[in-house]
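The values are calculated or read from the model by the stated rules, or taken from the named source; none is laboratory data. Small disclaimer: the values here were computed from a predicted structure and weren't measured. Cβ placement follows ideal geometry from the backbone for every residue including glycine, while neighbour counts extend to all protein chains displayed.
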Amino acid sequence: MMINDIYMYIIGVLILLIGVMVGVAFLTLLERQALGYIQIWKGPNKVGYMGILQPFSDVIKLFTKEQTYPNYFNYLVYYFFPVVSFIVTLMSWLLIPYYFNLISFNLGVLFFLCCTSIGVFTVMIAGWSSNSNYALLGGLRAVAQTIFYEVSLALIMLSSIIMIMDFKMINFFFYQELIWFFFLMMPLALCWLSSSLAETNRTPFDFAEGESELVSGFNVEYSSGGFTLIFLSEYSSILFMSMLFILLYMGGYSLSLIFYLKLSFISFVFVWIRGTLPRYRYDKLMYLSWKSYLPVSLNFLMFFLGMKIFF
């Protein structure tokens, strides 16, 4: 029985990862189509019906491209860290609180915080190992931004955890059967959404790749497979942060069409924001984290703690 269980875990994890990969592929297509319509030009619409095969042709093109090498780079680390980045991002997907087959963590929230913390190192070392000033500068910017916003993400999350008094993700579903936490803590939910934009290095907070000064950021020296893996980990983290937003504030995980529609909508919001807002100023981003989100999240934390003790 034990061996059968292990086989089922492995098959479940593989199906989950394949699903994430396909989701990421079509998220890139959604982004390009949506940005096309926002900026009044056609998105990719030639490969397959309405461009539906475009992501697959992109993957083939990227993986068959010639690999370029910088002159003075740290060979092993340069090759290894895009893979590590990709694996860490996929590991965080094990958090999904399935009712069957897969592992349901008792300390799921702590596992998420560990995965995001490790993700910082991958970005930093990928930028450093290229041995390029621009890549290093982009990497340092991305790391500073990610670390600052992890603090606010953790504190915002604490309010939700105090509401349910547990680190288990499945309990968010049970506690939100009558009312979503989004309505109980709307300012916090919106803070979470914008913090997750900063955490995933998305517009308007994409300073890691400020084109005018950094020529694409920490991944500037990567091409072919390495670039593809960095790209995939970035987009799967967007999907993951969308899913986490739904788990925490919009009714938790349920195996239904509504859940996937919510997930698609929040992912679309990421794209929508990219098509709408200009890039923020770097010092203002740091002020936003320390002078706005930190006080707001701490005040809400004390408020919910007081409510919990009072009731």
- Yes/no for residue 288 being surrounded by 13 or more Cβ atoms within 10 Å (Cβ to Cβ) and closer than 19 Å to residue 139 by Cα: no
- Task: Being over 15 Å from the mean Cα position of the chain (by Cα), small (Gly, Ala, Ser) and either surrounded by fewer than 20 Cβ atoms within 10 Å (Cβ to Cβ) or under 12 Å from residue 201 (Cα atoms) (or both) is the filter here, so list the residues in segment 121-146 that pass it.
- Result: 138, 139, 144
- Failed condition for residue 91, given (1) closer than 26 Å to residue 204 by Cβ; (2) at pLDDT 85 or above, with all others met? (1)
- Task: Select from segment 268-311 the residues that are within 24 Å of residue 161 (Cβ to Cβ) and among the polar types (S, T, N, Q) and write down the one among them that is modelled with the lowest pLDDT.
- Result: 289
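Going through 118, 156 one at a time, which residue ends up being crowded, with 23+ Cβ neighbours inside 10 Å and among the hydrophobic types (A, V, I, L, M, F, W, C)?
Details: 118 fails: crowded, with 23+ Cβ neighbours inside 10 Å.
Just one listed residue meets the conditions, 156.
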- Query: Listed residues 143, 123, 151; which is without any contact (Cβ under 8 Å) to a residue 24 or more places away in the chain, assigned to a helix (DSSP H, G or I) and of a type in the set (Val, Ile, Thr)?
  - Reply: 143
- Given (1) out of contact with any Phe, Trp or Tyr (no Cβ under 9 Å at 6 or more places or on another chain); (2) within 18 Å of residue 250 (Cα to Cα); (3) part of a helix (DSSP H, G or I); (4) not basic (Lys, Arg), where does residue 163 come up short, assuming only one miss? (1)
- Query: Restricting attention to segment 67-75, does a residue exist that is buried (at least 19 other Cβ atoms within 10 Å of the Cβ) and either over 16 Å from the mean Cα position of the chain (by Cα) or under 15 Å from residue 243 (Cα atoms) (or both)?
  - Reply: no
- Message: Condition check: closer than 24 Å to residue 267 by Cα and modelled with pLDDT of 85 or more. Does residue 21 satisfy that?
- Response: yes
- Message: So, residue 72, is that one out of contact with any Ser or Thr (no Cβ under 8 Å at 6 or more places or on another chain) and not in a helix (DSSP H, G or I) or not?
- Response: yes
- Query: Hey, any hits in segment 161-175 for a residue that's acidic (Asp, Glu) and closer than 21 Å to residue 202 by Cα?
  - Reply: no
- Query: Would you pick out the residues in segment 250-268 that are out of contact with any Ser or Thr (no Cβ under 8 Å at 6 or more places or on another chain) and assigned to a helix (DSSP H, G or I)?
  - Reply: 257, 258, 259, 260, 261, 262, 264, 265, 268
- Message: Of everything in segment 166-188, what is part of a helix (DSSP H, G or I) and either aromatic (Phe, Trp, Tyr) or in contact with a helix residue (DSSP H, G or I) (Cβ under 6 Å, 6 or more places away or on another chain) (or both)? Give them in sequence order.
- Response: 171, 172, 173, 174, 175, 181, 182, 183, 188
